[in-house]
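Here is the structure we will look at.
The values are calculated or read from the model by the stated rules, or taken from the named source; none is laboratory data. Note that the structure is predicted; figures quoted are calculated from it, not measured. Cβ: placed from backbone, ideal geometry, glycine included. Neighbour counts: every protein chain shown. To get the accessible areas, we keep the full protein, side chains included, count just its heavy atoms, and leave off ligands, DNA and RNA. Shrake-Rupley method; radii C 1.70, N 1.55, O 1.52, S 1.80 Å.
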Amino acid sequence: MSPARSSVRRIAALLTGTSILVPALAGCGDGTGARSAEGEVTSITALDYYTDATEHAQWGELLDACGRTAGVKVEQTSVPGAALVPKVLQQASSRTLPDLLMLDNPDLQQIARTGALAPLDGFGIDADGFAEGIRSAGSYQGKVYGLAPNVSTVALIYNKDMLAEAGVTVPRTWEELKAAAAALTRPGRYGMAVDANATFEGTWQFLPFLWSNGGDERRLDTPEAAEALRLWVDLVNSGSMSKSVLNWTQADLHDQFTAGKTAMMINGPWRIPALNQQAGLNWDVAPVPVPRLGQTPVTPLGGEVWTVPKGPSKARQEKAAQVLACLNTSSSMLTLAEDHFTVPSRTAVAAQYAAQTPSMAAFAKSVEAARARTAELGVEWPAAATAIYTAVQSALTGERTPEEALRHAQQLATGH
């Protein structure tokens, strides 16, 4: 996610309107402030991975605002993304977890399985108005343990001038995508770009093609999965997509696009602030092309969920839950969306935001059908994700056919 704009003005507005939006929470007594054995709870701790200075400050402002509605000071700590889960597992073991914890949504089930998190319904918080995929991303074994104020996904970002010059309409289907990419390709420029690197980011980019064609991470060696992988192989083999996609990150795609070296790319809304700063770049966003006309793309759901870890003090948990509820009000969601170019998790708020921010409309629409990566396999998802990007690499290098690569992937994911 890119560093975002200052939100001081919107935080001030939030402070004046949040009190009526925070839902009543079970066990909060008469509203004079939850108390623990050691006295009144006046502060709670929060842990996240927003280490970027601007992003850390913006989240800090929102946590402060929501803390004031709950009558507590929120002491925010941020650690690098790669260090968060190991730190949380260590804290869970030593019973030193923070009062409020942010997790990347694919990591929630791993932490919930340890018993370290409290179900949110115990505090009177529900997920009404949230898209099904978003509820799923915050759930473990049928209970909601985390809620994401905002989410993200991917879409097709394209150069309007290049398409117009080539007489190409925005592709809606895979066949249209192949034709458009070929027509847009010329010396020094590829028609299409994806991130196919050997990381979970590469898997994330392939999922819209796998899922939209009826493929499934529970069984990777299917004709539907092979057809999706064949699409990427054909784009590379035809010269419409660079073989360098094997090493490109989503940031690299952005650089290729802004440099005019690719006409279309799969990427996320976090790229919009930087795209807006490119003078003379005429771009737009459309849904990821689907196998057949009339289908709805099924894209992966990104975003962070906020959770309430279990602890010895019920009063501290209740205060943390009040802050979490505040983060998930419509007002907070809209503030975060405007700052970070993300999609509000409440469907009605997402529609409102998309109407006022046209560049976010395709992302907001895609979120309605987006899937949580852990929805099918739960804590076993990382093994499948590794197998998927391994298959993509193998097929794009020509080491294996798509069918062979996916048979091998199935063996990697399941051991047979």
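May I ask you to say which residue of P80, P119 is surrounded by fewer than 16 Cβ atoms within 10 Å (Cβ to Cβ) and at pLDDT 95 or above?
P80
If you take the residues in the range 159-184 that are acidic (D, E) and in contact (Cβ under 8 Å) with a residue 40 or more places away in the chain, which one is most open to solvent (accessible area, probe 1.4 Å)?
The qualifying residue most open to solvent (accessible area, probe 1.4 Å) is D161.
Restricting attention to the range 37-75, and to residues there that are of a type in the set (S, T, N, Q) and closer than 14 Å to L100 by Cβ, which single residue is surrounded by the most Cβ atoms within 10 Å (Cβ to Cβ)?
Ranking the candidates gives T69 first.
When G71 is evaluated against the numbered criteria (1) modelled with pLDDT under 95; (2) on the phi > 0 side of the Ramachandran plot, which criterion, by number, is the only one it fails?
Condition (1) is where G71 drops out.
Read through the list (1) more than 22 Å from the chain's Cα centre (by Cα); (2) surrounded by 23 or more Cβ atoms within 10 Å (Cβ to Cβ); (3) not basic (K, R), then give the number of the only condition that F209 fails.
Failed condition: (1).
Taking V168, is it assigned to a loop (DSSP other than H, G, I, E, B) and in contact with a Leu (Cβ under 8 Å, 6 or more places away or on another chain)?
Against the criterion (assigned to a loop (DSSP other than H, G, I, E, B) and in contact with a Leu (Cβ under 8 Å, 6 or more places away or on another chain)), V168 qualifies.
Looking at this structure, is T258 at pLDDT 95 or above, farther than 22 Å from T77 by Cα and surrounded by fewer than 20 Cβ atoms within 10 Å (Cβ to Cβ)?
yes
Specify which of the listed residues (A369, A364) is among the hydrophobic types (A, V, I, L, M, F, W, C) and without any contact (Cβ under 8 Å) to a residue 40 or more places away in the chain.
Exactly one of A369, A364 is among the hydrophobic types (A, V, I, L, M, F, W, C) and without any contact (Cβ under 8 Å) to a residue 40 or more places away in the chain, namely A364.
Out of the residues in the range 185-196 that are surrounded by 21 or more Cβ atoms within 10 Å (Cβ to Cβ) and in contact with a Ser or Thr (Cβ under 9 Å, 6 or more places away or on another chain), state the one that is farthest from Y389 (Cα to Cα).
Within the range 185-196, the match that is farthest from Y389 (Cα to Cα) is T185.
Taking the options N282, N247, name whichever one is in contact with a Lys or Arg (Cβ under 7 Å, 6 or more places away or on another chain) and open to solvent by 40 Å² or more (accessible area, probe 1.4 Å).
Sole residue among the options that is in contact with a Lys or Arg (Cβ under 7 Å, 6 or more places away or on another chain) and open to solvent by 40 Å² or more (accessible area, probe 1.4 Å): N282.
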